[in-house]
Amino acid sequence: MKLLKLPVALLAVMVLFAGPAVPRNAGIHGINGGNPSAPLTAAGGEASLLVSLPNGTSYWFYGQQALYPTAFNLTLAAASYFGISLNYTPYPNYGPEVNEFGGYWNSNSTTSFTGPYWLLWLWNSSDESWSLSNLGVGAVNTTSVSSVAWSYSLLGPSTGNPYLEPQQTPLDPMAVPSLRGGSDGSGYGAVFTDQAVQVPSDHLSWTASSGGSPIDIQPVDSNGLSYYVTDGSNGTSAVLAYNDYGMRVWHATIGSIGYQLSSPLLADGTAVISSSDGSIYALNASNGRHVFEIGHVSSSADGLTGSPVLGQEGFYLLNSSGGLDYYSFNGTLYWSAAIGGSSYYSTPALLNNTVYAFGDQAGSGVLYLLNSSSGATERTVPVNGTVYGSPSVSFGKLVFISSQKSQSGAGYGNVTVHCLSADGSRWLWNYSAGQSSGSPSSTVLTPSKVIFSSGGKLVELNSSSGKQVWNISLGSQFSSPSPYAAHGFIAASTNSNSSSLHIISLSGSPVWSFTPKGGNDYSLSSPVFNSTTVFWADDSGHMYAFQKLDVINFSYAQHLGTVNFTSLLNSNIKGAVNFTWSIAGHAAYGRNVSYKFTVNGNYQVTVTVTYSNGTVASSSADINVNSVSPSGSGNVLGGGLVTIAEVIALPIAIIVAGSVFVMRRRRRSG
């Protein structure tokens, strides 16, 4: 991210001497642009614009550059298409100044110049990052800069730098960079676009292994990398980052006491992980190098079991021993608030200027509403029972689940879904989900629905009335990983001795399901869906990515029963060192091989390529052997991808070390 270098004193002088005819923030770099400079270069054709609201909702608008020649044209079109309120002032000498988006106004303080303000960003395709604009929004030419973004941010009081760049990018427009998809904890991917979104694919593009260490928490996805955290029975846990091809980009270690229940938070170029050893670790998101560590955050024997939540100037974290902390991205503690009791396996939620967090006091929960800037308690709400999951707060509502034992040994007891007004002042409804032998999930909150999992069922409620709309049996499970909803679909999984992944439409219709080969692995990990890819993991340490993409391939030609096979490698990956074929159950080796069939018929052929870094790529298809049949391709309809578990002909060492490889998704170029 390219930052401002303007001190507060200079900002004050610029504002004081701007004069009445000049926008108050016209001279501040990045705020609606500023003084013109040479534009960035980009490819022609399509232009895109991101509007990122502070409530976690984002909008992508795409259009032809010829129809929208400036960023201001795109801005007007996006506001109109999505129905977002927009206020701007057309200054004759400086062009338009955007004052408000979606009800969020620029600060009009004359004593503080830290904002928040609407900032204009330009996409730099050469280094694949957002840069603050030197141009006014009306002067940004879409033939020179193909993607722009609006974000609402505070500025650092000493540097004038914005605290955060936009979380989505043209490379990853539907990124899911934190637990539950965003800071409001809604579990709803509130990223909207005018482009058609496809049904989640059931095609297993790649799978990789952690080496056997369980993965118990939702993976996250940011700017082309997916991130996973493993348990650490030997005292250390692994943080793993995989690229578009299912190849490991980096591996880092953090402390652990044998399990990890925190998803990473990806922001400001950093991956922040709260650990079961009671410490916070910040890693460089690109290479995994340690940025800083904050030790002994929690005195609880469980360490830190909640995930960090993104704020305007840093991140919030329940410390599991009766407190909520707010940190900057350099590790500085802004404030710490006592909320009483412990907070096991719970993550706070943030909406606008309020942080929502639960504390457990002798088996009864207390919901705290705190001021996000000061940590001062604004309201407390007592709750009967224990809250294990996270609150969902959005669309004017606050939803969460509690469970209360009716007698000793009755599992988790009675499960109840609660709905309050977002300010915590009014109870709207309660829904009894009955007894559950396992812990219930967190809730998904959409504009009209509440979705949760409990007792082996996935349930949808009407968010206004609390009445059940539908329920689907997912099978028995020990506890319920939280579902995630985005773009018209729900991704949900089970935790049992035969865990499975399910994709279901918002209307309750099953789309597809997946059970790993072997079928005896538990999974606490919640799945996540970013519109192109479904990510999931399980206790065997396997990571899965589903999407429709071209796989590594082979072609073949035959003559009088002799079939010549040619491997077709993806040109983006170098370093293939071994080619292994399984042809009708017989092994062959080499980039190109021949095999003599004695009987016509259908035969399965698999080609497996091992790369120098240990990645394993496989493709399989049925071929028809006939002395008069034409040439064909191994990548035929229905051929599909063979997973590590299915490639039974591979040596054990390769199976353990490898990961099935294909391109994860085609990315929209900047």
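What the table below lists for this structure:
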| read-out | value |
| --- | --- |
| Residue within region 243-255 that is at pLDDT 90 or above and of a type in the set (Lys, Arg) present | no |
| Residue among Val528, Val534, Val551, Val511 that is under 28 Å from Val605 (Cα atoms), modelled with pLDDT of 90 or more, touching a strand residue (DSSP E or B) at 6+ places or on another chain (Cβ under 7 Å) and aliphatic (A, V, I, L, M) | Val534 |
| Subset of region 490-506 (residues that are in contact with a Gly (Cβ under 9 Å, 6 or more places away or on another chain) and closer than 18 Å to Ser540 by Cα) | Thr494, Asn495, Ser496, Asn497, Ser498, Ser499, Ser500 |
| Qualifying positions in region 160-189 - under 16 Å from Ala149 (Cβ atoms) and aliphatic (A, V, I, L, M) | Leu164, Leu171, Met174, Ala175 |
| Residue selected from region 448-477 under the condition closer than 17 Å to Gly187 by Cβ and of a type in the set (Gly, Ala, Ser), by the criterion surrounded by the most Cβ atoms within 10 Å (Cβ to Cβ) | Ser453 |
| Val399 vs. criteria under 19 Å from Ile273 (Cα atoms) and among the hydrophobic types (A, V, I, L, M, F, W, C) | no |
| Leading residue by the ranking (farthest from Pro264 (Cα to Cα)) among those in region 338-356 that are modelled with pLDDT of 95 or more and more than 20 Å from the chain's Cα centre (by Cα) | Thr354 |
| Whichever residue in region 553-609 is farther than 21 Å from Asn626 by Cβ and among the charged types (D, E, K, R) and, among such residues, is surrounded by the most Cβ atoms within 10 Å (Cβ to Cβ) | Arg591 |
| Some residue of region 225-243 being in a loop (DSSP other than H, G, I, E, B), buried (at least 20 other Cβ atoms within 10 Å of the Cβ) and out of contact with any Ser or Thr (no Cβ under 7 Å at 6 or more places or on another chain) | no |
| Residues satisfying the stated conditions in region 339-367, i.e. outside any strand (DSSP E or B) and within 17 Å of Leu179 (Cβ to Cβ) | Ser343, Tyr344, Tyr345, Ser346, Thr347, Pro348 |
| Pairs, first touching a residue at least 60 places away in the same chain (Cβ under 8 Å) and more than 18 Å from Pro219 (Cα to Cα) in region 472-489, second among the aromatic types (Phe, Trp, Tyr) and surrounded by fewer than 23 Cβ atoms within 10 Å (Cβ to Cβ), C-beta under 9 Å, six or more apart | His487/Phe192 |
| Members of region 229-242 that are under 18 Å from the mean Cα position of the chain (by Cα) and modelled with pLDDT under 90 | Tyr242 |
| Enumeration of residues in region 438-462 that are assigned to a loop (DSSP other than H, G, I, E, B), within 18 Å of Ala492 (Cβ to Cβ) and either among the hydroxyl-bearing types (Ser, Thr, Tyr) or more than 23 Å from the chain's Cα centre (by Cα) (or both) | Gly438, Ser439, Ser441, Ser442, Thr443, Thr446, Gly455, Gly456 |
| Complete set of residues in region 92-103 that are part of a strand (DSSP E or B) and crowded, with 16+ Cβ neighbours inside 10 Å | Gly95, Pro96, Glu97, Val98, Asn99, Phe101 |
| Residue that is of a type in the set (Ser, Thr, Tyr) and under 23 Å from Gly56 (Cα atoms), where the choices are Thr377, Thr416 | Thr377 |
| Any hit, region 386-401, residues being aromatic (Phe, Trp, Tyr) and at pLDDT below 90 | yes |
| Residue match in region 382-397 (condition: of a type in the set (D, E, K, R), under 26 Å from the mean Cα position of the chain (by Cα) and surrounded by 15 or more Cβ atoms within 10 Å (Cβ to Cβ)) | yes |
| Residue in region 269-281 that is farthest from Asn319 (Cα to Cα), counting only those that are more than 15 Å from the chain's Cα centre (by Cα) and surrounded by fewer than 24 Cβ atoms within 10 Å (Cβ to Cβ) | Asp277 |
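Condition check ((1) among the aromatic types (Phe, Trp, Tyr); (2) in a loop (DSSP other than H, G, I, E, B)) across all residues:
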| site | (1), (2) |
| --- | --- |
| Glu293 | no, no |
| Ser298 | no, yes |
| Leu304 | no, yes |
| Ser307 | no, yes |
| Ser320 | no, yes |
| Tyr334 | yes, no |
| Ala337 | no, no |
| Arg379 | no, no |
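The values are calculated or read from the model by the stated rules, or taken from the named source; none is laboratory data. Computed from a prediction, not measured in an experiment: that's the story for all the values here. Methodologically, a virtual Cβ is constructed for each residue, glycine included, from the backbone with ideal geometry; neighbour enumeration extends over all protein chains shown.
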